[in-house]
Amino acid sequence: MAAAAARGEEYVPATGKKARKKTIAFPKRYQTDMESILADKTDVRWQEAIPLMKERYAKEDGSLSEDFSEDARLKSKLTYCKTKLKQKNPRSML
């Protein structure tokens, strides 16, 4: 864009392309709880961890807060935390 302006050309954005949505950071309170679940049981699978997380943060009426992440995002973060834990302490996952 700047190079085009420097050459005296007008920048025209591509049509039909949608702007990327801003990535929202994963809430720290959920990450710390996820890490505590992994500390208690290092071989936990995401099929077990996600219901545990939902159970912890369910409101009285059974709904979840607005900032609670989707299952796919929780799964991704759990996988990341497990990988990070393995790299930090390779013997803990055996």
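Every number in this text was worked out from the coordinates using simple rules, so none of it is lab data. Just so it is clear, the model here is predicted, and its values are computed rather than measured. Glycine also receives a Cβ, built like all others from the backbone with ideal geometry; neighbour counts cover every protein chain displayed.
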Taking residue 88 as the anchor, which aspartates and glutamates have their alpha carbon closer than 17 Å to its alpha carbon, excluding any fewer than eight residues away along the same chain?
35, 40, 43
Please give, to one decimal in nm, the separation of the simple spin-label points placed at residue 31 and residue 18, each 7 Å out from Cα toward the Cβ.
2.7
Here the equivalent ellipsoid of region 25-93, derived from its Cα gyration tensor, has semi-axes (largest first, whole Å) of 23, 12, 10
Can you list which of the trypsin sites (Lys or Arg not before Pro) found in region 22-53 are DSSP loop residues with at most 16 other C-beta atoms within 10 Å?
22, 41, 45
Set 22/84; 59/82; 41/75 screened for pairs whose C-alpha atoms are more than 19 Å apart:
22/84; 59/82
